[in-house]
């Protein structure tokens, strides 16, 4: 029986466990990346481990999230990350060099390698045949120190692509179609592997768009084969020597198969407030819009930008629409400036933003009250844009650009003949904004620079014998990490200060949560299904830890957030009988006696709602390693104990 591409790469990196679907395996990590919203904590954790130099083949620290310097906090964080990187063997991508996933694809990604990043859209690297996985900052810190990264051995879903995209139908429409079929929970515990004759019709930037937004499926990662298209992309980047052909065996066996005929796809949009709430542009046509934002790690490549320039050439943005464009990297911006496309955008009335995440993470460009904003981004969760009642739609660059001109939802197929735009044979390469680390011999000469806003991460304690605490908050289904720990220009600068940022914990759901949790001292959270979907931000675990949360009980968890809770020493449990969720109310007292012994004894935990006087059962399906982490009080304590 042949192997899938996913199985081949995972097997080549397997260091612990057996490749049995649903069991925990440990893999060797070749590369890591961090960004500044999660990076400060990751490097504080790395320092706490006491490892002098990173042990990966390549680790890169990017500054792309908190680039709005309205106070000293972000600048101090950048300085701290830069000094840590220089000292400990990490490459440092300076502010303005671009979005981590776009730059990593251009300059560092290698087919067949493993990459984890403290950002949920790290699977972008699957566009060139990497196993690239989003993770918590603490997992990245351990990997930089040479530690093993653990995942549940995934099922592999084959998405068989046939045909070819019709004019004005884009890669964004491919992943929106996948989301429409599978939903935001459809990829949990799975890797999405793209195969078929249709693959060779897609460029690397188009493949990267698809793997990037595969994160919204809840998938472990997504991957394309490494073929001649990949080789040509790497050759154009001056990195052909890292290319190798990678593909599944002809007789590979997959756990599921999804058939997509690219020729049958139409322009699509994800409607508020979920990436899987998908409709065709035809259904939305004519509806007035207020704002268009083009960019993000999903759609900010040179190919995307050139298509946008083609549509805007000689025209003017509708007077009722604000159009903002953020090229994904310095390389892209530089090439747009040199070939005249940037002038076309400016001439049309676009507002050119820095090569950074910007509006996608809520850093500026919030729409007007109840404003309808078309964005080429990957998430449209409620309030994420910075406007609580903003109506955010996710679309392709082609749909975004033509709608910016008309002022209403417009199907780009109305434009007639499509642009014949291809990737250049050679990209402009200038890595002068990537700072290499000093040698191991010189590292002692580097001072790590810490600003006053950088506080130590919360100290977790070994698991108590009994958890006896009130419910500080009960929430529903599909609670995202944006609900738990919001982003935005006001909050992101506090990422290095857990006590301060915790004031905003769950503010989207209940503004009184912070004060109530502090007053309780210790508490339990109750949630619905798919709890913790979205961003990999470990602050969504660290802030509750600081506020005394001891356990989170839900119907189901998103993969990364559940791992982050365990890393923080918070016990994640799920209802065996989901009807018990409805019986428990906020402020009920929940008691779990001898929790450590119960976890050790098996997967079923008995708990009591003391207030209502009934018992219920919880699932505690942890690996032996995860159990030891919980007993120790989290990954950092566990790592120190086992150093």
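State which residue is farthest from the chain's Cα centre (by Cα) when the search covers only the range 492-510 and only residues that are in a loop (DSSP other than H, G, I, E, B) and surrounded by fewer than 20 Cβ atoms within 10 Å (Cβ to Cβ).
510
Give the residues of the range 144-164 that are surrounded by fewer than 20 Cβ atoms within 10 Å (Cβ to Cβ) and more than 28 Å from residue 563 (Cβ to Cβ), sorted by residue number.
160, 162, 163, 164, listed by residue number.
From the list 522, 555, which residue is at pLDDT 95 or above, surrounded by fewer than 19 Cβ atoms within 10 Å (Cβ to Cβ) and within 25 Å of residue 151 (Cβ to Cβ)?
Answer to the selection: 555.
Could you go through the range 579-594 and let me know if any residue there is under 32 Å from the mean Cα position of the chain (by Cα), assigned to a helix (DSSP H, G or I) and either on the phi > 0 side of the Ramachandran plot or crowded, with 24+ Cβ neighbours inside 10 Å (or both).
no
To keep it simple, each residue is scored yes or no on (1) closer than 21 Å to residue 219 by Cβ; (2) assigned by TED's automatic domain parsing to the domain that holds residue 221; (3) in a loop (DSSP other than H, G, I, E, B).
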{"site": "517", "(1), (2), (3)": "no, no, no"}
{"site": "528", "(1), (2), (3)": "yes, no, yes"}
{"site": "536", "(1), (2), (3)": "yes, no, yes"}
{"site": "541", "(1), (2), (3)": "yes, no, no"}
{"site": "561", "(1), (2), (3)": "yes, no, no"}
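Any residue that is outside the structural domain of residue 91 (by TED's automatic domain parsing), in contact with a helix residue (DSSP H, G or I) (Cβ under 7 Å, 6 or more places away or on another chain) and part of a loop (DSSP other than H, G, I, E, B) - is there at least one of those in the range 327-342?
Checked the range 327-342: at least one residue is outside the structural domain of residue 91 (by TED's automatic domain parsing), in contact with a helix residue (DSSP H, G or I) (Cβ under 7 Å, 6 or more places away or on another chain) and part of a loop (DSSP other than H, G, I, E, B).
Can you tell me which residue among 221, 230, 298 is over 19 Å from residue 361 (Cα atoms), out of contact with any strand residue (DSSP E or B) (no Cβ under 7 Å at 6 or more places or on another chain) and buried (at least 22 other Cβ atoms within 10 Å of the Cβ)?
230
Of all residues in the range 569-593, which are farther than 15 Å from residue 474 by Cα and either out of contact with any helix residue (DSSP H, G or I) (no Cβ under 9 Å at 6 or more places or on another chain) or modelled with pLDDT under 95 (or both)?
576, 577, 591, 593
Of 288, 315, which residue is in the same structural domain as residue 386 (by TED's automatic domain parsing) and either modelled with pLDDT under 95 or in contact with a strand residue (DSSP E or B) (Cβ under 7 Å, 6 or more places away or on another chain) (or both)?
Of 288, 315, the one residue that is in the same structural domain as residue 386 (by TED's automatic domain parsing) and either modelled with pLDDT under 95 or in contact with a strand residue (DSSP E or B) (Cβ under 7 Å, 6 or more places away or on another chain) (or both) is 288.
Taking the range 527-539, which residues are modelled with pLDDT of 95 or more and buried (at least 24 other Cβ atoms within 10 Å of the Cβ)?
Correct list: 527, 531, 532.
When you look at residue 249, is it surrounded by fewer than 17 Cβ atoms within 10 Å (Cβ to Cβ), outside any strand (DSSP E or B) and touching a residue at least 24 places away in the same chain (Cβ under 8 Å), yes or no?
Spelling it out, residue 249 is indeed surrounded by fewer than 17 Cβ atoms within 10 Å (Cβ to Cβ), outside any strand (DSSP E or B) and touching a residue at least 24 places away in the same chain (Cβ under 8 Å).
Picking from 200, 279, which residue would you name as being without any contact (Cβ under 8 Å) to a residue 60 or more places away in the chain, surrounded by fewer than 16 Cβ atoms within 10 Å (Cβ to Cβ) and out of contact with any strand residue (DSSP E or B) (no Cβ under 7 Å at 6 or more places or on another chain)?
200 is the lone residue from the list that is without any contact (Cβ under 8 Å) to a residue 60 or more places away in the chain, surrounded by fewer than 16 Cβ atoms within 10 Å (Cβ to Cβ) and out of contact with any strand residue (DSSP E or B) (no Cβ under 7 Å at 6 or more places or on another chain).
Tell me, please, whether a residue that is within 29 Å of residue 640 (Cβ to Cβ) and surrounded by fewer than 22 Cβ atoms within 10 Å (Cβ to Cβ) can be found in the range 32-43.
Checked against the condition, which is being within 29 Å of residue 640 (Cβ to Cβ) and surrounded by fewer than 22 Cβ atoms within 10 Å (Cβ to Cβ), the range 32-43 yields no hits at all.
Within the range 469-491, work out how many residues are surrounded by 16 or more Cβ atoms within 10 Å (Cβ to Cβ) and over 19 Å from the mean Cα position of the chain (by Cα).
Number of matching residues: 7.
Just the residues that are within 24 Å of the chain's Cα centre (by Cα) and assigned to a loop (DSSP other than H, G, I, E, B), please, taken from the range 386-419.
Across the range 386-419, the qualifying residues are 386, 387, 388, 389, 390, 395, 396.
What number goes with the only condition from (1) surrounded by fewer than 22 Cβ atoms within 10 Å (Cβ to Cβ); (2) farther than 15 Å from residue 125 by Cβ that residue 178 does not pass?
So residue 178 meets the others, but not (1).
From the list 13, 104, 78, exactly one residue is at pLDDT 95 or above, surrounded by 24 or more Cβ atoms within 10 Å (Cβ to Cβ) and assigned by TED's automatic domain parsing to the domain that holds residue 204. Which is it?
104
Within the range 140-152, work out how many residues are assigned to a helix (DSSP H, G or I) and touching a helix residue (DSSP H, G or I) at 6+ places or on another chain (Cβ under 8 Å).
The number of residues fulfilling the criteria is 4.
The values are calculated or read from the model by the stated rules, or taken from the named source; none is laboratory data. Please read these numbers as outputs of a predicted model, since none were measured by experiment. Note that we place each Cβ from the backbone using ideal geometry, even for glycine, and neighbour counts take in every protein chain shown.
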